[in-house]
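*Asks:* Below you'll find the structure I mean.
Please treat every number below as a calculation from the coordinates, not as lab data. Note that the coordinates shown come from a computational prediction; the quantities given were computed from them, not determined experimentally. FYI the Cβ positions are ideal-geometry reconstructions off the backbone, even for glycines, and counts take in every protein chain you see.
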Amino acid sequence: MSPAAYEIRVAMAEGAYSVVISPGLLDDAGAWLKQVCGSTRVAIMTDSNVAPLWLDKLRQHLQAAGIESMAAVLPAGEDHKTLSDLLPVYDTLLRGRMDRNAPVIGLGGGVVTDMAGFVAATILRGVPLVQVPTTLLAMVDASVGGKTGVNHPVGKNLIGAFHQPAVVLIDPRALGSLPIDHIRGGLAECIKHDIIRDAEGFSELEQHIGKALARDEHYLAGLIAHNVAIKARVVESDPFERGERAHLNFGHTFGHAIESVSRYQYSHGQSVGLGMIAASRAAEALGMFDKKARLRIEALIVAAGLPSRMTLDVDAVVDAMAFDKKVSRSKVRFVLPDRIGHVVVRDDVPPHVVRAAVQSLK
Ligand SMILES: NC(=O)c1ccc[n+]([C@@H]2O[C@H](COP(=O)([O-])OP(=O)(O)OC[C@H]3O[C@@H](n4cnc5c(N)ncnc54)[C@H](O)[C@@H]3O)[C@@H](O)[C@H]2O)c1
Ligand SMILES: [Zn+2]
């Protein structure tokens with residue numbers, strides 16, 4: 001087993017685990033699994049897009065290490081992130097004589113890692129979870145923090161559990177097959193992490209974002225490690241989302257409204273990019289954020305290939321914000337930057353400032 005390029009420890013009350021990142025890491029997945037879980041049987045969950053690309057490769061590497069695997073393939077896409085899509089998975093795993101020591105492996109994007117996490121949390125009242133994220137978003141965001149779950153017609157991610165992984169294995173080579181728009185979408189969350197926590201990381205990304213878009217695997221490994229470390233530190237300080245974790249919602253109050261009014265025509269990453277622009281403009285209008293910094297944010301979002309303008313109805317977006325689930329005591333809370341690398345939570349943003357920020361995106 002070759003040493004990993006990066007290993008980030010995440011310390012949670014339930015215990016600590018590693019996020020391991022290295023180009024080519026999938027080839028060593030068997031050795032890592034043996035070291036962490038010691039089990040010779042695993043259940044892999046993946047989706048119909050990832051299966052033909054990565055499932056057989058992973059199974060072969062596991063087999064070479066003496067690990068037997070069964071696999072459940074979900075139909076790809078957010079529309080299939082439902083409880084009913086999980087029923088056949090429970091069937092496959094239980095009929096396949098899943099046992100309590102056998103980990104569930106989530107091989108895929110955030111939809112798969114959220115669903116695999118939920119199965120691991122619930123099957124046999126909980127089994128170990130191993131995340132093998134294959135989208136940039138799942139690598140830097142969804143697979144770290146222990147939030148798992150599925151959607152309900154009433155809203156997204158309303159059924160779920162907190163369940164921390166035993167290990168997260170990240171191979172940036174998996175991004176080689178990911179459509180470029182999903183790379184851009186993942187970069188929106190990377191930009192977000194630097195705006196809320198790391199001015200130096202922001203400058204680095206300004207200089208090197210082209211390498212991420214060109215999928216330079218060594219650059220990506222470092223970028224992913226940097227972002228996992230930021231998300232891990234935030235989540236460690238607030239495991240159940242009572243305070244500081246709200247900072248991860250920067251750009252998301254505006255973003256969720258844009259995503260939902262567009263009926264998901266704007267992807268999550270595109271919506272968050274627009275949301276970060278709107279939030280930065282609102283912060284500037286409140287006199288708490290300077291114009292130069294705001295322009296740097298906009299330029300980086302554009303450099304990532306994300307839109308800086310939208311065509312949606314302004315009133316519809318403003319109305320949708322009131323229904324965002326992160327509403328506290330009927331006041332909409334906004335995470336706003338006061339400098340690059342630092343944000344504050346405000347629930348006193350006047351409606352005309354909110355509206356003007358949305359209007360400015362037209
Ligand atoms: N748990 C959390 O903390 C958390 C955080 C952020 C987002 N999420 C969840 O993540 C989900 C979004 O994740 P996503 O953007 O990764 O979406 P996704 O899982 O739908 O993946 C995007 C698309 O890429 C395909 N794909 C995945 N890996 C690939 C690869 N290597 N090559 C080619 N195609 C590949 C998928 O099949 C899918 O079509 C949402 O459901 C969201 O709720 C969870
Ligand atoms: Zn997001």
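*Asks:* If you fit an axis through the alpha-carbon atoms of helix 217-237 and take the longest principal axis of the Cα set of the chain, what angle between them do you get, 0 to 90°, nearest 10?
*Replies:* Between helix and principal axis, roughly 80 degrees.
*Asks:* Would you mind counting up the charge near Asp290? Only other residues with Cβ under 11 Å from its Cβ, with Lys and Arg at +1 and Asp and Glu at -1.
*Replies:* +3
*Asks:* Taking a ≥ b ≥ c as the square roots of the Cα gyration tensor eigenvalues, with a/c under 1.5 meaning rounded and otherwise prolate when a/b beats b/c, else oblate, which class fits region 1-41?
*Replies:* Oblate.
*Asks:* Convert each backbone phi in region 119-126 into a coupling constant with the Karplus relation 6.51 cos²θ - 1.76 cosθ + 1.60 (shift: θ = phi - 60°), then list the ³J(HN,Hα) values in order as whole Hz, x for Gly and Pro.
*Replies:* The phi angles translate into 4, 4, 6, 10, 5, 6, 6, x Hz.
*Asks:* Still on this structure: In terms of Cα to Cα distance under 24 Å, which lysines are near enough to Lys147, apart from those fewer than 8 places away along the same chain?
*Replies:* Leaving aside lysines fewer than 8 places away in the same chain, those within reach of Lys147 are Lys81, Lys156, Lys192, Lys231, Lys325, Lys326.
*Asks:* Right, something else. Working only with C-alpha atoms, what are the Rg and Dmax values of region 173-287, expressed in angstrom?
*Replies:* Reported Rg and Dmax, both Å: 14.7, 44.
*Asks:* Further question: Which trypsin sites (Lys or Arg not before Pro) does region 229-310 hold that lie in a coil by DSSP with at most 13 other beta carbons within 10 Å?
*Replies:* Answer by residue number: Arg242, Arg263, Arg309.
*Asks:* Can you give me the distance in nm between label points at Asp313 and Leu286, each placed 7 Å from the Cα along the Cα-to-Cβ direction?
*Replies:* About 2.8 nm separates the two model spin labels.
*Asks:* Then there's this: Restricting to the chain, what percent of DSSP beta bridges are antiparallel, rounded to 5?
*Replies:* 45
*Asks:* In which sequence would Val111, Val349 go, from the one with the fewest C-beta neighbours within 10 Å to the one with the most?
*Replies:* Ranking Val111, Val349 by Cβ neighbours within 10 Å, fewest first, gives Val349, Val111.
*Asks:* List the aspartates and glutamates whose Cα sits under 18 Å from the Cα of Lys292, skipping any in the same chain fewer than 8 residues away.
*Replies:* Partners found: Asp194, Asp198, Glu200, Glu204, Glu206, Glu284, Asp338.
*Asks:* For a quick size check, give me the Cα extents of the chain along its three principal axes, largest first, whole Å.
*Replies:* 61, 41, 36
*Asks:* While we're here: Going toward the positive end of the dipole of region 1-106, with +1 on Lys and Arg Cβ and -1 on Asp and Glu Cβ, which of Cys37, Val73, Leu86 do you reach last?
*Replies:* Of the listed residues, the answer is Cys37.
*Asks:* Spin-label point model (7 Å from Cα, Cβ direction): what's the Ile180 to Ala16 distance in nm?
*Replies:* 4.1
*Asks:* GNM on the chain, C-alpha springs below 10 Å: top fluctuator among Ile301, Ile191, Ile180?
*Replies:* Looking only at Ile301, Ile191, Ile180, the biggest GNM fluctuation is shown by Ile180.
*Asks:* By how many nm would the segment from Arg355 to Phe240 lengthen if fully extended, with 0.36 nm per residue of separation less the alpha-carbon distance?
*Replies:* Computed gain between Arg355 and Phe240 is 38.3 nm.
*Asks:* Eigenvalues of the Cα gyration tensor times 5, then square-rooted: what semi-axes does that give for region 1-126, in whole angstrom, largest first?
*Replies:* 23, 17, 16
*Asks:* Please report, in debye to the nearest 20, how large the charge dipole of the chain is about its Cα centre when each Lys and Arg carries +1 at its beta carbon and each Asp and Glu carries -1 there.
*Replies:* 440
*Asks:* Label points 7 Å out from Cα along the Cβ direction at Glu7 and Asp338: separation in nm?
*Replies:* Taking the simple label geometry, Glu7 and Asp338 are separated by 3.9 nm.
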